[in-house]
């Protein structure tokens, strides 16, 4: 079930911040009233598609920060594994140089509450509780506004990497909506025409952009 339009699930968990420091109780609540947040899940440390995404977010971090947006990553690994990966050079498959927080979700409760866990717990014929599926997170990405409300979400299957520029476009669109009260049509980008939420406005927009 989608979280769009709902409060983002609350959690407190261990995390690595600044690429080197473990904190015991990291929470998204610290950004309420302060910043929009891009909160993204990735399947696993020391893997393949994951470092390309994590480093791509780092490469665009200044663009997110310019928009007042915090970037936070999370996986079902421990904070100690996060730290080991952060201290591994990129030429050895690591993510050294990443500075935004990486949240640990070893219990898988955060991924489950955000609806991105790639499996579920069930009972087998013997009545034993077992996990069916892959006990990692899908590539979920959530835009959470300053009030803690989820405004956008996408969830990719494990082999499919994200487009970070699209995340920036979505941020721009949401912030345009908040600032001007307009709605953003298909393929809207910063600087392009938006619309009022009215019949007259959409008719005018379609007429001007008719192919």
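The values are calculated or read from the model by the stated rules, or taken from the named source; none is laboratory data. All figures in this text were calculated on a predicted structure; none of them were measured in a lab. For neighbour counting, all protein chains shown are included, and Cβ atoms are generated from backbone atoms with ideal geometry for every residue, glycine included.
Here are a few things to note about the model shown:
- Listed conditions (1) without any contact (Cβ under 8 Å) to a residue 60 or more places away in the chain; (2) crowded, with 22+ Cβ neighbours inside 10 Å; (3) within 16 Å of the chain's Cα centre (by Cα) are all met by residue 75, apart from (1).
- Given (1) closer than 24 Å to residue 147 by Cα; (2) touching a strand residue (DSSP E or B) at 6+ places or on another chain (Cβ under 6 Å); (3) part of a helix (DSSP H, G or I), index of the condition residue 14 fails: (3)
- Of all residues in the range 44-55, those that are in contact (Cβ under 8 Å) with a residue 60 or more places away in the chain and surrounded by fewer than 16 Cβ atoms within 10 Å (Cβ to Cβ) total 1.
- Any hit, the range 106-121, residues being in contact (Cβ under 8 Å) with a residue 12 or more places away in the chain, farther than 22 Å from residue 1 by Cα and out of contact with any strand residue (DSSP E or B) (no Cβ under 8 Å at 6 or more places or on another chain): yes
- Considering the conditions (1) touching a residue at least 24 places away in the same chain (Cβ under 8 Å); (2) under 16 Å from residue 51 (Cα atoms); (3) out of contact with any strand residue (DSSP E or B) (no Cβ under 7 Å at 6 or more places or on another chain), residue 92 is excluded by exactly one of them, (1).
- Only listed residue being in contact with a helix residue (DSSP H, G or I) (Cβ under 8 Å, 6 or more places away or on another chain), surrounded by 12 or more Cβ atoms within 10 Å (Cβ to Cβ), at pLDDT 95 or above and in a strand (DSSP E or B), chosen from 103, 98: 103
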